[in-house]
Amino acid sequence: MPTKSIKRKSPGASKSQKQQAPTLEDLPNDVQQQIQHVILQTMDISSKRGVDIDKQVKTLLKRLRKDLGLSHLNPESIRQGLADEASAPALERLIADAYRQTQRAHRVFRLLDTADKGVVIVEDLQRVCQELDQNLEEDELDEMINQYAQDGLLTKDDLVKIARQVGL
């Protein structure tokens, strides 16, 4: 029996993406401040101590994970953004976009996990499929979950990974 898998986003931009690129100003003030603070603090420390770029990347990723819950950023993109101070606005946009994507994944997770179990299971996907008039067999749904979670339980982090892969 053919399996259903999560499809990747097509290369073309959506209508909302074509209209306007997201900016840092679209985020709540406290999130804007956290992003700017983390970037400035990382750049400031590295310039005073002569820290190499790899150390800067690790430090920034660690701070973003701790302060904003962002754990799935591309280190190479961060490296490019930290290369010089002129790249700070691009780095801010990259981080802001990752923040938005994480927030969307968390909203999807809450919609799936209506019983507030802390994980998404096959029954959650079955419920949503029924609501959307999609007829998928349990083994197909199991396989979809197991693509991302070996234990059959999707966590918020798993959904963030899926969101990055499909461009949610």
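The values are calculated or read from the model by the stated rules, or taken from the named source; none is laboratory data. Remember, it's a predicted structure, so these values are computed and weren't measured experimentally. Glycine gets a Cβ as well: all are built from the backbone with ideal geometry, and neighbour counts include every protein chain shown. Note: accessible area is taken over every heavy atom of the protein model, side chains too, but ligands, DNA and RNA are not part of it. Shrake-Rupley method; radii C 1.70, N 1.55, O 1.52, S 1.80 Å.
Where residues in the range 22-46 are under 17 Å from GLY81 (Cα atoms) and open to solvent by 80 Å² or more (accessible area, probe 1.4 Å), which of them is modelled with the lowest pLDDT? If we take residues in the range 22-46 being under 17 Å from GLY81 (Cα atoms) and open to solvent by 80 Å² or more (accessible area, probe 1.4 Å), then LEU40 is modelled with the lowest pLDDT.
Filtering the range 66-87 to residues that are open to solvent by less than 20 Å² (accessible area, probe 1.4 Å) and more than 15 Å from the chain's Cα centre (by Cα) leaves GLY81, LEU82. Among the residues of the range 118-130, the ones that are exposed (fewer than 12 other Cβ atoms within 10 Å of the Cβ) and not in a helix (DSSP H, G or I) come to 1 in all.
Listed by first and then second residue, the pairs with beta-carbon distance under 7 Å, at least 6 apart or on different chains, first residue in the range 130-146 and more than 18 Å from ASP158 (Cβ to Cβ), second in a helix (DSSP H, G or I) and among the hydrophobic types (A, V, I, L, M, F, W, C), are LEU136/CYS129; GLU138/VAL122.
Among the residues making up the range 131-159, those that are among the aliphatic types (A, V, I, L, M) and either surrounded by 11 or more Cβ atoms within 10 Å (Cβ to Cβ) or outside any loop (DSSP other than H, G, I, E, B) (or both) are LEU136, LEU141, MET144, ILE145, ALA149, LEU153, LEU154, LEU159. When GLN130, GLN126, GLN147 are checked against the criterion of being modelled with pLDDT of 85 or more, in contact with a Ser or Thr (Cβ under 8 Å, 6 or more places away or on another chain), of a type in the set (S, T, N, Q) and farther than 27 Å from PRO28 by Cα, a single residue qualifies: GLN147.
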